[in-house]
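Just so you know, all these numbers are worked out from the coordinates, no wet-lab data involved. Only a predicted model underlies this, so the values are computations on that prediction, with no experimental measurement involved. All Cβ positions, glycine included, derive from the backbone under ideal geometry; neighbour counts span all protein chains shown.
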Amino acid sequence: MGDSRVALDVEIPSDVRYIEGVIELATRKCRELSIPPRKCSLNVRVALTEALSNAILRGNGDAADKHVRVRAVVNDDSLVFDVTDEGPGFDLSADWPDPTKPENLMMEDGRGLFLMQRLMDRVERFQSDGNVVRLTLFRE
Amino acid sequence: MSFSISKQGEVVVVDVEGQLIVGNRQELKQKVLDELEKGEKKFLIDFSQTGYIDSSGLGVLVSLSKKIREQGGELRLANLNDDLQTLFELTKLDTLFQISDTRERALESF
């Protein structure tokens, strides 16, 4: 693995209106790193949006006085996003309903974690100065 | 990001410009529900100017589909780009919605 460097480090108020700006910044960084355009326009944009909305609405309970930090680190092998909120975290390994099962297709919620896991190569959650969701995309 | 509504014959056409995500999904939902309340039955959402959709946006489409169907109406989708098509396939929502390549084909399908 080569040297790692920080490609992005921003902190936003816990408000969903800030998501689009962060996604735009992250997508631009992704393209600058010569990651395939499709991975930037689909995988990064959607998975990071899910992680951010989850952090704001669930992690921080939509509390306007809280914050979410987004940090991206890149090296020769991967692009890694850490999304940190002030909440207690959640159990990534819990038996979440599969939204693609016929009986769940009409669910209005419950696709966020599924999309993160399908669009990223690795999704992790741990505590480190807050609740961190780590999204890893390998550069191939 | 914005949503514009127009009428083509009996069909209410909604153009989604920009993203359909957690920050603006309620706006789309309200606009369509307002039209439904006025008695409109046929709806087409055109994504030709849409960047991306998140799970909240997908959830709103599912919710609208249910509400429109409950009122005896129909919701069709058109002009999904490759990214959006992949998203619908991943979530299997391509099996729930009638999706057309073009606005014209969608309009003809009602």
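Among the residues that make up region B:20-33, is at least one of them surrounded by fewer than 21 Cβ atoms within 10 Å (Cβ to Cβ), out of contact with any helix residue (DSSP H, G or I) (no Cβ under 9 Å at 6 or more places or on another chain) and in contact (Cβ under 8 Å) with a residue 60 or more places away in the chain?
no
In region A:106-122, is there at least one residue being away from chain B (no Cβ under 14 Å) and in contact with a Phe, Trp or Tyr (Cβ under 9 Å, 6 or more places away or on another chain)?
Let us first name the residues in region A:106-122 that are away from chain B (no Cβ under 14 Å), namely A:121-122.
Still in the running and in contact with a Phe, Trp or Tyr (Cβ under 9 Å, 6 or more places away or on another chain): A:121-122.
Yes.
Do you know which residues across region B:58-110 are polar (S, T, N, Q) and in a strand (DSSP E or B)? First the steps, then the outcome.
Filtering region B:58-110 for residues polar (S, T, N, Q) gives B:63, B:65, B:71, B:79, B:81, B:85-86, B:91, B:95, B:98, B:100, B:102, B:109.
Those that are polar (S, T, N, Q) and in a strand (DSSP E or B): B:98, B:100.
Which condition number does residue A:95 fail, the rest of (1) surrounded by 15 or more Cβ atoms within 10 Å (Cβ to Cβ); (2) out of contact with any strand residue (DSSP E or B) (no Cβ under 9 Å at 6 or more places or on another chain); (3) among the acidic types (Asp, Glu) being met?
(1)
When you scan region A:57-68, do you find a residue that is assigned to a helix (DSSP H, G or I), over 17 Å from residue A:128 (Cα atoms) and either of a type outside the set (Phe, Trp, Tyr) or in contact with an Asp or Glu (Cβ under 7 Å, 6 or more places away or on another chain) (or both), even just one?
Of the residues in region A:57-68, the ones assigned to a helix (DSSP H, G or I) are A:57-59.
Subsequent filtering for residues that are over 17 Å from residue A:128 (Cα atoms) retains A:57-58.
In the following step, the residues that additionally are either of a type outside the set (Phe, Trp, Tyr) or in contact with an Asp or Glu (Cβ under 7 Å, 6 or more places away or on another chain) (or both) were identified as A:57-58.
Checked against the condition, which is being assigned to a helix (DSSP H, G or I), over 17 Å from residue A:128 (Cα atoms) and either of a type outside the set (Phe, Trp, Tyr) or in contact with an Asp or Glu (Cβ under 7 Å, 6 or more places away or on another chain) (or both), region A:57-68 yields at least one hit.
So that you can scan it fast, the table gives a plain yes or no per residue for (1) out of contact with any strand residue (DSSP E or B) (no Cβ under 7 Å at 6 or more places or on another chain); (2) away from chain A (no Cβ under 14 Å); (3) over 25 Å from residue B:86 (Cα atoms):
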residue: B:23; (1), (2), (3): yes, no, no
residue: B:34; (1), (2), (3): yes, yes, yes
residue: B:42; (1), (2), (3): no, yes, yes
residue: B:46; (1), (2), (3): no, yes, no
residue: B:50; (1), (2), (3): no, no, no
